[in-house]
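Below is one structure, written out as structure tokens, with a few remarks after it.
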């Protein structure tokens, strides 16, 4: 399960889809991939689910496709045979969970109470679904339950949308969030795959939350850096703050005391999650200088420079404030 969880964590949002006609599976999967979310939880609420999973798994092997609403061991077996890389259930059915563990099927059972979380821990699981998330207290309830269960991680689904998805994803015990707002059932049935792609792109943009943090200017020495910072202070009232290697003029300008990265300097871009930002930008073909990577105590990225300059500036990602 570890590799699947790691991939879902980097992707961030798992589209939860219900397909009535298996012919829609291929164009829908392509829309999800092209939009930036190469994953899906295909719910077993419809007769076409098994065939849809099979089509997606065969046509798009790079996609992390799972089966949702798995209620019986027999459904779990069918999902695995169709090519599902993981299965999800809405509740905690011990018979289904034990079967999946025995058969080596990555399983994310639904939970809503501490008792169910403890059952999952007893069976050796460290990731559970929290469902229905909003109706059961949302991120506040997850944070409360995560307190005593320090090694448990959650996949909230149910009521997650564009407006609250980052409330969930900002908590370090949330692996990813499941949502259906970008893949409504009627849109799939109507063949509106271009619209679905656009909604997926918007969801990724919202999740990553890119913002300009500051611009860094290279200087030859500390005296030159002071002179430059003074100019911004006198012009715009950007108060100087002297640091070890640079001088900030307000929060928008950082003047380096010596030549740093980039021919002219650097541009700092903030994001809600550097791990996810690097993953999604790499999918678009951008390369990173791995020697620049900095990590926090939990092993997550906190800084990463693009491999190439833009307009003479090095560009690095960091966390939004």
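The values are calculated or read from the model by the stated rules, or taken from the named source; none is laboratory data. These figures come from a predicted structure and were not determined experimentally. Positions of Cβ are backbone-derived with ideal geometry, glycine not excepted, and every protein chain shown enters the neighbour counts.
Given the condition assigned to a strand (DSSP E or B) and within 30 Å of residue 139 (Cα to Cα), answer yes or no: does some residue in region 270-287 qualify? Yes, the conditions are met somewhere in region 270-287. Residue 235: touching a strand residue (DSSP E or B) at 6+ places or on another chain (Cβ under 8 Å) and surrounded by fewer than 20 Cβ atoms within 10 Å (Cβ to Cβ), yes or no? Spelling it out, it is not the case that residue 235 is touching a strand residue (DSSP E or B) at 6+ places or on another chain (Cβ under 8 Å) and surrounded by fewer than 20 Cβ atoms within 10 Å (Cβ to Cβ).
Out of region 303-321, which residues are closer than 21 Å to residue 166 by Cβ and either touching a residue at least 60 places away in the same chain (Cβ under 8 Å) or more than 15 Å from the chain's Cα centre (by Cα) (or both)?
We begin by selecting, within region 303-321, every residue closer than 21 Å to residue 166 by Cβ; these are 303-304, 317-321.
The answer is 303, 304, 317, 318, 320, 321.
Please pick out the residue among 199, 212 that is outside any loop (DSSP other than H, G, I, E, B) and surrounded by fewer than 18 Cβ atoms within 10 Å (Cβ to Cβ). Show your work before the answer.
Working: 199 fails: surrounded by fewer than 18 Cβ atoms within 10 Å (Cβ to Cβ).
After ruling out the rest, the residue left standing is 212.
Only one entry of 62, 41, 50 meets the criterion of being surrounded by fewer than 17 Cβ atoms within 10 Å (Cβ to Cβ) and at pLDDT 95 or above, and that entry is 62. Criterion first (farther than 23 Å from residue 321 by Cα and touching a residue at least 24 places away in the same chain (Cβ under 8 Å)) does residue 264 satisfy it? It is true that residue 264 is farther than 23 Å from residue 321 by Cα and touching a residue at least 24 places away in the same chain (Cβ under 8 Å). Scanning region 288-310 for residues that are in contact with a strand residue (DSSP E or B) (Cβ under 7 Å, 6 or more places away or on another chain) and part of a loop (DSSP other than H, G, I, E, B) turns up 296, 307. Evaluated against (1) in contact with a helix residue (DSSP H, G or I) (Cβ under 8 Å, 6 or more places away or on another chain); (2) outside the structural domain of residue 34 (by TED's automatic domain parsing); (3) surrounded by 20 or more Cβ atoms within 10 Å (Cβ to Cβ), residue 218 falls short on exactly one condition, (1).
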